[in-house]
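> Starting off with a structure, shown below.
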Amino acid sequence: MPVDHYENFPVASWVLPRALRRPIEVIYAFARTADDLADEGDRAPAQRLAALQAFREELVRIAGREPARTPLFRDLASVIDTHRLPLAPFHDLLDAFTQDVTCTRYADFAQVLDYCRRSANPVGRLLLHLYGRAEPGSLARSDSICTALQLVNFLQDVARDWTIGRVYLAQDELRAAGIDESQIAQGRVDDRWSGFMHAQAERAAGMLVRGAPLARELPGRAGLELRLVVAGGLRIARRVQAVRGDVFRRRPVLGWRDWMAVAARAAWYPPATAAEVAR
């Protein structure tokens, strides 16, 4: 689908079965719009929270089968009803976006993972419901992939997040590496920072690899789409390591040559290992 934001990974791409593209576009529109309410523009925090609360109220209306008030939620209500989607993942997304307004630091990795559980994992879970494959094992593998992609995004966006007052890196891990926030503010890359970022990328890559079997379990185009996403995430993780964590001056992104390589890898698809990603 056409999107107004840079996205590393395909969104309702032509690879997916045609019947699922529109539902995924609508889910993306909900998530993207809600995320923008938390992040974009110059609204005061209270205004952001009020806007997100209005989204919650629309979900309550959908649950009660009351008419939606906006085109976005009319479309969402139709998708939820047609595909029998659970409402909990949508509420989880709103909880995460609300947390973006109220929380700017994470004490430890457990807190980061809890944020990912609500900010990223719900999207994968909704897709599995669309595919009719929401079994416990598939959901767990999807969670691993989605959390890993969120972690990779945090690494890419260290500098951007700093400009809006947020640090998604675990505070205890920064301290253990001998890094304080002045280093992020200065964009200073030294051996400690490079080692820290290498380890962060390695951990995310390992989570991608653990979830990757799901891309072989999903049939046809859905599996190919997920293989593209996993291969793209692994490539970004490798880029973070290749620039020694200097995401301040060389933020890793995927260009068309990268996507050609990713497509070739997704078509062949011997799952990458964390060791391969480190090279």
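> Those residues that are in contact (Cβ under 8 Å) with a residue 24 or more places away in the chain, surrounded by fewer than 20 Cβ atoms within 10 Å (Cβ to Cβ) and small (Gly, Ala, Ser), I need them from region 89-136; list them, please.
Selection gives 107 alone.
> Now for a different question. Mind counting the residues in region 52-71 that are buried (at least 16 other Cβ atoms within 10 Å of the Cβ), under 24 Å from the mean Cα position of the chain (by Cα) and either among the aromatic types (Phe, Trp, Tyr) or more than 30 Å from residue 135 (Cβ to Cβ) (or both)?
2
> From the list 49, 16, exactly one residue is at pLDDT 95 or above and buried (at least 16 other Cβ atoms within 10 Å of the Cβ). Which is it?
Values: 16 fails: at pLDDT 95 or above.
Checking each option against the conditions leaves just 49.
> Looking at residue 128, is it under 22 Å from residue 238 (Cβ atoms) and either modelled with pLDDT of 95 or more or of a type in the set (A, V, I, L, M, F, W, C) (or both)?
Details: under 22 Å from residue 238 (Cβ atoms): no; either modelled with pLDDT of 95 or more or of a type in the set (A, V, I, L, M, F, W, C) (or both): yes.
In short, no.
> For region 84-198, give me every one of the helices (runs of 4 or more DSSP H) that falls completely inside it and has 1 or more residues that are among the acidic types (Asp, Glu).
88-102, 109-119, 136-156, 158-163, 171-176, 181-186
> Is it fair to say residue 123 is more than 24 Å from residue 22 (Cβ to Cβ) and not polar (S, T, N, Q)?
When the stated conditions are applied, residue 123 does not pass them.
> Let me ask you something else. Before we move on, is residue 244 modelled with pLDDT of 75 or more, on the phi > 0 side of the Ramachandran plot and not in a helix (DSSP H, G or I)?
yes
> Now, a different point. Check region 201-213 and report whether any residue there is closer than 30 Å to residue 130 by Cα, touching a residue at least 60 places away in the same chain (Cβ under 8 Å) and outside any helix (DSSP H, G or I).
Yes - at least one qualifying residue is present in region 201-213.
> Only one of 48, 61 is in contact (Cβ under 8 Å) with a residue 24 or more places away in the chain and of a type in the set (D, E, K, R). Can you tell me which?
On the way: 61 fails: in contact (Cβ under 8 Å) with a residue 24 or more places away in the chain.
Unique residue meeting the criteria: 48.
> Tally time: how many residues in region 159-178 are aliphatic (A, V, I, L, M), touching a residue at least 12 places away in the same chain (Cβ under 8 Å) and within 19 Å of residue 110 (Cα to Cα)?
5
> Regarding residue 156, is this residue surrounded by fewer than 18 Cβ atoms within 10 Å (Cβ to Cβ) and either outside the structural domain of residue 28 (by TED's automatic domain parsing) or not aliphatic (A, V, I, L, M) (or both)?
Considered against the rule, which asks whether it is surrounded by fewer than 18 Cβ atoms within 10 Å (Cβ to Cβ) and either outside the structural domain of residue 28 (by TED's automatic domain parsing) or not aliphatic (A, V, I, L, M) (or both), residue 156 comes out as no.
> May I ask you to list the residues in region 107-160 that are polar (S, T, N, Q) and closer than 21 Å to residue 247 by Cβ?
119, 147, 150, 153, 156
The values are calculated or read from the model by the stated rules, or taken from the named source; none is laboratory data. All of these numbers come straight from a predicted model, not from anything done at the bench. Neighbour counts are summed over all protein chains in view; Cβ atoms, including those assigned to glycine, are modelled from backbone coordinates with ideal geometry.
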